[in-house]
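The values are calculated or read from the model by the stated rules, or taken from the named source; none is laboratory data. Computed from a predicted model, the values in this text were never measured in an experiment. Every residue, glycine among them, receives a Cβ derived from its backbone with ideal geometry; neighbour counts consider all protein chains shown. Heads up: the accessible areas ignore ligands, DNA and RNA and are worked out on the full protein's heavy atoms, side chains in. Shrake-Rupley method; radii C 1.70, N 1.55, O 1.52, S 1.80 Å.
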Amino acid sequence: MSQISYKDAGVDIDAGNSFVENIKPLVKATKIPGVIGGIGSFAGAFEIPKGFREPVMLAATDGVGTKLKLAIDSGIHNTVGIDLVAMCVNDLLCNFGTPSFFLDYYATGKLDVKAATNVLAGISEGCIQAECALIGGETAEMPGMYAHDDYDLAGFAVGIAEKREMDRVSMVRAGDKLIALPSSGLHSNGFSLARKVLFEKMGMKFEDEFNGKPLIETLLTPTRIYVKMFKELKEHIVALAHITGGGIVENLPRVLPENLMAEIQGDAIKVLPIFELMAQHVQREEMFRAFNMGVGMILVVREADVATVLAKTDGYLIGKIKEGKREAVII
């Protein structure tokens, strides 16, 4: 009677071991003070940073959404890892936390060592940009759960905040100004709508030229990471809103108290060309609910700090905080 191996069932242990060897230098490149040990143990270890009076651990998790479909179909895998890190660490900033370490989860039907290594190279690059360490992760080969070339990603970021600095909502006041920090593109939200508009409605192809380069390059431009900006300007920022799913209108109110509203000048927003293209087939209100429209992060800043923030970033004024019902209104 013939014997069946794990490989016959669709799981290649040798490929998994080869992948681990490939990523060791990528993980090592993210090492920062606080990391204890290396990969290969049952858990990653990180020492709690010193200098905090009341340190609070913050955690954020996210994925990349259907942007992964474009990476898989195009065979371009080295940028979605940056997206994965960005979507998690940018959220930590909004609670005034700085990221310390990151873990990833990579699941696939059949492990493609080259593709997986490229994904991890992106995760490593994202961690370097975010000045945090990649201290662990999980690779799951699950035949029957995913189509042959498909994979999925999840990320987990942990950071540290000073307890007394976390409640930003109570610090927001009428008269504060709103500064938009540009996004690098769609970031990692709204791709189900984008794919339907661009490829089904408009019949476009990956290789079609758009704004001087292939369309797929614009779509896979990785999410911008705002960690270094935050560290430099923390003392000049009242609050931050990461503009992800739901756009400006749903994310900005999350940093407002009940009695204040955000008034945004619609014509002040520097809408990126990719959004202008899709807006030909999508209503304006829907565009602002599905996409960031070119704004990746919004800072609430005291009027006295506006000049400093504008001088040290590529941000620009888009509105102000006023008395009123808690909402973000684009006029």
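Worth a mention:
- Looking only at the range 8-36, and only at residues there that are modelled with pLDDT of 75 or more and open to solvent by 100 Å² or more (accessible area, probe 1.4 Å), the one that is farthest from the chain's Cα centre (by Cα): ASP14
- Tally of residues being in contact (Cβ under 8 Å) with a residue 60 or more places away in the chain and either surrounded by 22 or more Cβ atoms within 10 Å (Cβ to Cβ) or polar (S, T, N, Q) (or both) across the range 233-248: 7
- Comparison of ASP149, ASP167 shows that the only residue that is free of Cβ contacts under 8 Å to residues at least 40 places away in the same chain and assigned to a loop (DSSP other than H, G, I, E, B) is ASP167.
- Of all residues in the range 50-70, at least one satisfies being without any contact (Cβ under 8 Å) to a residue 12 or more places away in the chain and small (Gly, Ala, Ser).
- Which numbered condition ASN211 misses (of (1) polar (S, T, N, Q); (2) more than 15 Å from GLU276 (Cα to Cα); (3) modelled with pLDDT under 95): (2)
- For the range 69-100, a tally of residues being open to solvent by 10 Å² or more (accessible area, probe 1.4 Å), within 14 Å of the chain's Cα centre (by Cα) and hydrophobic (A, V, I, L, M, F, W, C) returns 2.
- The range 178-198: number of residues that are over 17 Å from the mean Cα position of the chain (by Cα) and open to solvent by less than 50 Å² (accessible area, probe 1.4 Å): 6
- Taking each residue of the range 284-305 that is over 24 Å from PRO222 (Cα atoms) and acidic (Asp, Glu) and looking for partners that are modelled with pLDDT of 95 or more and in a loop (DSSP other than H, G, I, E, B) with beta-carbon atoms closer than 8 Å, six or more apart or interchain, yields GLU303/GLY175; GLU303/ASP176; ASP305/ILE237.
- For the range 101-119, a tally of residues being surrounded by fewer than 24 Cβ atoms within 10 Å (Cβ to Cβ) and either part of a helix (DSSP H, G or I) or in contact with a Cys (Cβ under 8 Å, 6 or more places away or on another chain) (or both) returns 7.
- Selection within the range 136-183 - over 20 Å from GLY81 (Cα atoms), β-branched (Val, Ile, Thr) and in contact with a helix residue (DSSP H, G or I) (Cβ under 8 Å, 6 or more places away or on another chain): VAL169, VAL172, ILE179
- Exclusive hit being at pLDDT 95 or above, surrounded by fewer than 17 Cβ atoms within 10 Å (Cβ to Cβ) and either part of a helix (DSSP H, G or I) or out of contact with any Leu (no Cβ under 8 Å at 6 or more places or on another chain) (or both), set LYS205, LYS228: LYS228
- Scanning the range 249-281 for residues that are under 16 Å from LEU193 (Cβ atoms) and buried (at least 20 other Cβ atoms within 10 Å of the Cβ) yields a count of 4.
- Looking only at residues in the range 17-63 that are in a loop (DSSP other than H, G, I, E, B) and among the hydroxyl-bearing types (Ser, Thr, Tyr), the one that is nearest to LYS163 (Cα to Cα) is THR30.
- One residue from ALA161, ALA140, ALA130 being open to solvent by less than 40 Å² (accessible area, probe 1.4 Å) and either of a type in the set (Lys, Arg) or farther than 21 Å from ILE225 by Cα (or both): ALA140
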